[in-house]
């Protein structure tokens, strides 16, 4: 609907502006990007007069209901504090320090203040002797000691304790002699429940440590520091994927660690500690004491010397934070100021043009950096002007379209940067035409199609370009194959000025014709020879066979999807379908006709066809090999299949299995059970169907690995699917006289153990008073990936808060009520552009995320806090859990659209006694009429680019002008091909067209979107045609617009 008398500030001549998330186009009015200012950084300090008092102050800032604490030696036990950090974090316990022979007075007072019930001393008697242990016990506190014969053994014992709480899948390996590099990994190790293993710089890992980590199913091993700290030999001996995090010094290593583990773009806080290079080496103790606090808050720890390292500065510039917390006294102000300075808004970098090259007769390509900062007005060619300026998202490439054709020969373009520096660049354009060649030999049966030509023995030039150079282009055919528009009527013609083929009637595969192209300019004329064109069904013709699905048939009703290429004599393979890519580039899966299959050895593996069901089979008849060729037209795909004799040793039987997870933990409650998926395959890697599982057993109980005690009941395998996947239900059944026990689920075939990945089951009857929490999806089968596109039905997600014992056993779900009172919860998001607080609500006593239809793609971390009172009775926020959510948007959208240029309007025409400006909205688009009587207004696909799920469906993009008073025209994908936008018929809306004009035009818009005006009034103003992605609303950013000047003097 026309928005009448709306003020428009700028009047620009026939200019197209494009602004999308993929490419930013500046019209000639465009300005450089603005940089959003960063928040000012405040600072605070957690410190005491010595390291003992500093550890106590950190403990006071560590909000936890846990009655647990970890104690290490404050002088000799720095290495123990390092390896103890992830363990203490799992226990929700602060790390406190003491002297070796006497309990530190400040530490003792903190144990009393926190009402600690259990203390773990980490380190042997040389670190913390038994007199300290006795002093703590005298306070009524239970004391445990975690220690070995050396610091290496102690680190191993701590790792085992961590494994008892949380199954180990990652480890960090650090130098056990010099801790300069290792301190950086304490906090991320705690955050990721990852033990820190100590390695000798020369001798590496001892045999006990090697044996332990190799038996734990570790999938990632991080090596901290360079090869002088942890040798390459040691690194190569580690299990799983190996990743070394190193720098030229301890601060550079710290930057590498922070970069690896802290990937979010924003944090609440950065903790800062001394690196051991400010005053003395052991000042790094503060960095270890804060590890547990930093892990709980999920904020990074930066270790600094007398200044900030360049690597640290560069890393922090890419992060946003508004708080710096100093840990301990004596941190150089230069380092603190250096960290704060990373948050200052940077000066605008200068746009730099590296090169300019010719694209076509009126378009050039610019390569450089920061090109978004260039104003389109500042790109100049003498005698020409810029029509549009389009920059890619990275700002490294730009396309500049000019209003006129370039001059023949050398053209010079002047470009002025955002900082005022002007550079000149030359390119060459030739207007010379010496020949023309017809080049199209094959077309499809339908759709928008053009016959093509080249000039000068192979140069591609468009019709528009040749016309701009004064040439007349004429296509001639021996049959009426061309599109010709006469008013609203579409006819077939033997001649064309564009080469566009007919659209209201399909071609057939039996059709053929010839065409030729003639170029004329004054007395000059060039003609092609007659070029024969044949017609081909490109929707069915195949470009590539991507795969073939074979089903291994066990019986007429039992079949599995085959993974290997091995058969046994007597077995039969059914061809389920072919996955192809057709000539139009579309992928089609499960094609069941139009293909043929050949065997190179019919004695071994003949091809059989069941005509009744039109099904193709491969029948294994003899021992040997055969090459199976799947063909569709001229395209083929080859499979080499081996047929073996069906001997007892070759027979298909359950051979191996793999559980979807390696361990589960369960509380010993009656209503507690868990389904675990297991995949069973034969020796060839093919799935085992249900019918073959009668001899596969898993004992009806899980027995403790260390005692002959049943800890859980197992339900026998149920029916599996065609991929060999089965469920086992596990119910805890531990005798109440036992606190905890761990056992292993194994599968057997015919009474013998099968090979495979076992499942560790831990059951506990102990429900500790201290708890940990996790924010999770409501089911392990639900992922954290969302899509804004409504038709994908994946734009909502429910999250629940789960409570665990300190040992990692699930207690149950916690009800969440959002609010501002004590005991209520508040939610925060790391990126409100992805998921805002408004997208999160309370539902079913959980959190419910509902994505907006429009918004950015990316990731956001959702963090849940509870309001509590601290020891002073003050209201504080305590973190309960967080979860990272990934958001994409596969909604079909227009990425780019090229509009026709409209000259300024200075005349009118008279029609039915009305004065009408000779302009319609459809004049802006290159439209081809299709369908019976040309009812479909198809936008020429050469002028469009789409994104999202329909990006390849570009030939059905139409305009419905919706000739009613209150409806805007829309651009849509015409699924039912009737020319009308109808959401009930699953048509896909892409964009809305809105027209408006300024006060200088005294006019109305009729239902054909024509401008009608009063004969007695001058017309002096502008018409704005704006296009918006999706449905129109006044807050939306437009995709593109064109402004048309109107000046008619009466």
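The values are calculated or read from the model by the stated rules, or taken from the named source; none is laboratory data. Predicted model only: the values in this text are computed from it and were never measured. Ideal geometry is used to build each Cβ from the backbone, glycine not excepted, and the neighbour counts take in all protein chains shown.
Checking the condition in a strand (DSSP E or B), more than 25 Å from residue 958 (Cβ to Cβ), more than 40 Å from the chain's Cα centre (by Cα) and assigned by TED's automatic domain parsing to the domain that holds residue 369, which residue from 407, 411 passes?
Details: 407 fails: in a strand (DSSP E or B).
Every option except 411 fails the conditions.
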All conditions in (1) part of a loop (DSSP other than H, G, I, E, B); (2) free of Cβ contacts under 8 Å to residues at least 24 places away in the same chain are true of residue 354 except (1)
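Mind telling me which of the residues 1015, 1020, 999, 984 ends up being farther than 28 Å from residue 500 by Cβ, part of a strand (DSSP E or B) and modelled with pLDDT under 85? Before the answer, list the steps.
Working: 1015 fails: part of a strand (DSSP E or B); 999 fails: part of a strand (DSSP E or B); 984 fails: part of a strand (DSSP E or B).
Just one listed residue meets the conditions, 1020.
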What's the number of the condition residue 913 fails, among (1) over 23 Å from residue 1022 (Cβ atoms); (2) at pLDDT 75 or above; (3) over 36 Å from the mean Cα position of the chain (by Cα)? (2)
Taking the criterion of being surrounded by fewer than 16 Cβ atoms within 10 Å (Cβ to Cβ) and modelled with pLDDT of 90 or more, would at least one residue in segment 12-29 satisfy it? no
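Please state which one of 711, 680 is part of a strand (DSSP E or B), modelled with pLDDT under 80 and crowded, with 19+ Cβ neighbours inside 10 Å. Please lay out each step first, then the result.
Working: 680 fails: modelled with pLDDT under 80.
Going through 711, 680 in turn, the sole match is 711.
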If the Cβ limit is 6 Å and pairs must be 6+ apart or interchain, which residue in segment 771-792 that is under 22 Å from residue 675 (Cα atoms) and in the same structural domain as residue 855 (by TED's automatic domain parsing) pairs with which residue that is surrounded by fewer than 16 Cβ atoms within 10 Å (Cβ to Cβ) and at pLDDT below 85? none
Residue tally, condition free of Cβ contacts under 8 Å to residues at least 12 places away in the same chain and either within 25 Å of residue 192 (Cα to Cα) or in contact with a helix residue (DSSP H, G or I) (Cβ under 7 Å, 6 or more places away or on another chain) (or both), over segment 847-886: 0
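Working carefully through the options 744, 740, find the one that is out of contact with any helix residue (DSSP H, G or I) (no Cβ under 7 Å at 6 or more places or on another chain) and either loosely packed, with under 13 Cβ neighbours inside 10 Å or over 18 Å from residue 672 (Cβ atoms) (or both). Before the answer, list the steps.
Values: 740 fails: either loosely packed, with under 13 Cβ neighbours inside 10 Å or over 18 Å from residue 672 (Cβ atoms) (or both).
Result: 744 is the single residue among 744, 740 that is out of contact with any helix residue (DSSP H, G or I) (no Cβ under 7 Å at 6 or more places or on another chain) and either loosely packed, with under 13 Cβ neighbours inside 10 Å or over 18 Å from residue 672 (Cβ atoms) (or both).
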Of the candidates 614, 603, 558, the one satisfying the condition of being touching a helix residue (DSSP H, G or I) at 6+ places or on another chain (Cβ under 8 Å) and surrounded by fewer than 16 Cβ atoms within 10 Å (Cβ to Cβ) is 558
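Residue-by-condition table, conditions (1) more than 28 Å from residue 83 (Cα to Cα); (2) modelled with pLDDT of 90 or more; (3) not assigned by TED's automatic domain parsing to the domain that holds residue 78:
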position	(1), (2), (3)
273	no, yes, no
281	no, no, no
285	no, no, no
310	yes, yes, no
314	yes, yes, no
325	no, yes, no
330	no, no, no
367	yes, yes, yes
Cβ-Cβ distance below 7 Å, separation of 6 or more or different chains: which pairs start in segment 54-65 with a residue that is at negative phi and end on one that is crowded, with 24+ Cβ neighbours inside 10 Å and part of a loop (DSSP other than H, G, I, E, B)? 54/328; 58/94; 58/290; 59/94; 62/94
Kindly establish whether residue 516 is assigned by TED's automatic domain parsing to the domain that holds residue 464, part of a strand (DSSP E or B), under 50 Å from the mean Cα position of the chain (by Cα) and within 25 Å of residue 431 (Cβ to Cβ). yes
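If a residue must be outside any strand (DSSP E or B) and under 30 Å from residue 88 (Cα atoms), how many such residues does segment 734-775 contain? It would help to see each step written out before you state the result.
Here is the first cut: in segment 734-775, the ones outside any strand (DSSP E or B) are 734-739, 746-747, 750-751, 754, 758, 765-770.
Next cut, under 30 Å from residue 88 (Cα atoms) only: 734-739, 758, 765-770.
Looking only at that region, the number is 13.
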Would it be correct to say that residue 216 is modelled with pLDDT under 90, more than 17 Å from residue 285 (Cα to Cα) and assigned to a loop (DSSP other than H, G, I, E, B)? yes
Residues of segment 277-322 being more than 20 Å from residue 57 (Cβ to Cβ), in a loop (DSSP other than H, G, I, E, B) and in contact with a helix residue (DSSP H, G or I) (Cβ under 8 Å, 6 or more places away or on another chain), which ones? 277, 298, 305, 306, 307, 308, 309
Check whether at least one residue in segment 153-164 is in contact with a strand residue (DSSP E or B) (Cβ under 8 Å, 6 or more places away or on another chain), more than 16 Å from residue 189 (Cα to Cα), crowded, with 21+ Cβ neighbours inside 10 Å and in contact (Cβ under 8 Å) with a residue 60 or more places away in the chain, and report yes or no. yes
Checklist (1) surrounded by fewer than 19 Cβ atoms within 10 Å (Cβ to Cβ); (2) within 25 Å of residue 216 (Cα to Cα); (3) modelled with pLDDT of 80 or more applied to residue 790, failing item: (2)
Would you be able to say whether some residue in segment 533-541 is closer than 26 Å to residue 722 by Cα, touching a strand residue (DSSP E or B) at 6+ places or on another chain (Cβ under 7 Å) and surrounded by 13 or more Cβ atoms within 10 Å (Cβ to Cβ)? no
Are there strands (runs of 3 or more DSSP E) fully within segment 802-857 with at least 3 residues that are closer than 30 Å to residue 789 by Cα and in contact with a strand residue (DSSP E or B) (Cβ under 7 Å, 6 or more places away or on another chain)? List them. 825-829, 840-843, 846-850
Filtered residue count, segment 947-967, keeping only those that are at pLDDT 75 or above and touching a strand residue (DSSP E or B) at 6+ places or on another chain (Cβ under 6 Å): 7
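Which helices (runs of 4 or more DSSP H) does segment 41-132 wholly contain that include 3 or more residues that are within 41 Å of the chain's Cα centre (by Cα) and more than 30 Å from residue 337 (Cα to Cα)? Break it down stepwise before answering.
Working: elements: 51-61, 78-90, 105-113.
Per the criteria, 78-90.
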